[in-house]
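*Asks:* This structure is in structure tokens; I'll ask about it shortly.
The values are calculated or read from the model by the stated rules, or taken from the named source; none is laboratory data. Every value quoted in this text rests on a predicted model; they were computed, and no experiment measured them. Using ideal geometry, Cβ is built from the backbone for each residue, glycine included, and neighbour counts are taken over all protein chains shown.
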């Protein structure tokens, strides 16, 4: 069994260079779904960032992680923290999103029955990401994957 | 109101005793859609749900919930308990429905405040 806490490395809050870390996410594996966002939350908490900023980052990283697990083959979540912002990028290899406008609609979901039974796939994930990031970009290439970039202001 | 008190008052069965049972409960949220709980619940909430799989622990941990109560005598999955131990999240079981349990928790929280 993976011990979650081991994924978290100490963070030097006095370091002025941007902090960067990438996390691998396996598609289809719900066993570890949430492990990356839990790590990201702990890192940001350790940095002493304000609670509401950590809360927003936890929500957007969780939803993007669940999206990769639910729909993609695999993906990477990249965390960058500089003096002004927290940037979270979710890059996946998968089917991509055929219609982004439709995918962004509250309640729209292509999730299968198994995913829905677990309480995922309610068509709220992308809306949550949009609502809880200060800047949100989404793009996709059919048959290749999706790319999400979320920026949260630190102040 | 803390976890220990709510267990006594509502006759809950504690299934993962690793969390801090003195942890204060400041509110509550009832829901089975994880994105809904992520967006709308708050730190210190007691989360009432029918979901028993291990992903509920990640949600409760990310949202700093005081604990999770499973309804209708639903038991947590084995890996849910393992993860709850790692994340220090108390999980309890009630034989009441979501509606009845939410009402009782609401009353208790209102009374104690």
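*Asks:* Taking helices (runs of 4 or more DSSP H) that fall entirely within the stretch B:3-113, which contain at least 1 residues that are within 11 Å of chain A (Cβ to nearest Cβ)?
*Replies:* On the way: elements: B:3-10, B:34-40, B:55-62, B:78-87, B:98-112.
Fully inside the stretch B:3-113 and qualifying: B:34-40, B:55-62, B:78-87.
*Asks:* Please verify whether residue B:56 is buried (at least 19 other Cβ atoms within 10 Å of the Cβ) and more than 22 Å from residue A:30 (Cβ to Cβ), treating the condition exactly as stated. Step through it out loud before you land on a result.
*Replies:* Working: buried (at least 19 other Cβ atoms within 10 Å of the Cβ): yes; more than 22 Å from residue A:30 (Cβ to Cβ): no.
No.
For every residue, the table says whether it meets (1) within 11 Å of chain B (Cβ to nearest Cβ); (2) crowded, with 22+ Cβ neighbours inside 10 Å; (3) within 24 Å of residue B:78 (Cβ to Cβ); (4) modelled with pLDDT of 95 or more.
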position	(1), (2), (3), (4)
A:15	no, no, no, no
A:18	no, no, no, no
A:24	no, no, no, yes
A:30	yes, no, yes, no
A:81	no, yes, no, yes
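*Asks:* Residues to consider are A:118, A:124; find the one that is within 14 Å of another protein chain (Cβ to nearest Cβ), under 16 Å from the mean Cα position of the chain (by Cα) and on the phi < 0 side of the Ramachandran plot.
*Replies:* Values: A:118 fails: under 16 Å from the mean Cα position of the chain (by Cα).
After ruling out the rest, the residue left standing is A:124.
*Asks:* If the requirement is being under 18 Å from residue A:138 (Cα atoms), within 14 Å of another protein chain (Cβ to nearest Cβ) and touching a strand residue (DSSP E or B) at 6+ places or on another chain (Cβ under 9 Å), which of these qualifies: A:57, A:72? Can you show your working first?
*Replies:* Numbers: A:72 fails: within 14 Å of another protein chain (Cβ to nearest Cβ).
Just a single option satisfies the conditions, and that option is A:57.
*Asks:* Now for a different question. Let me confirm something: among A:3, A:11, which residue is closer than 28 Å to residue B:44 by Cβ, surrounded by fewer than 19 Cβ atoms within 10 Å (Cβ to Cβ), at pLDDT below 95 and facing chain B (nearest Cβ under 10 Å)? I'd like the intermediate steps shown before the answer.
*Replies:* Values: A:11 fails: facing chain B (nearest Cβ under 10 Å).
Of the residues listed, the single one that is closer than 28 Å to residue B:44 by Cβ, surrounded by fewer than 19 Cβ atoms within 10 Å (Cβ to Cβ), at pLDDT below 95 and facing chain B (nearest Cβ under 10 Å) is A:3.
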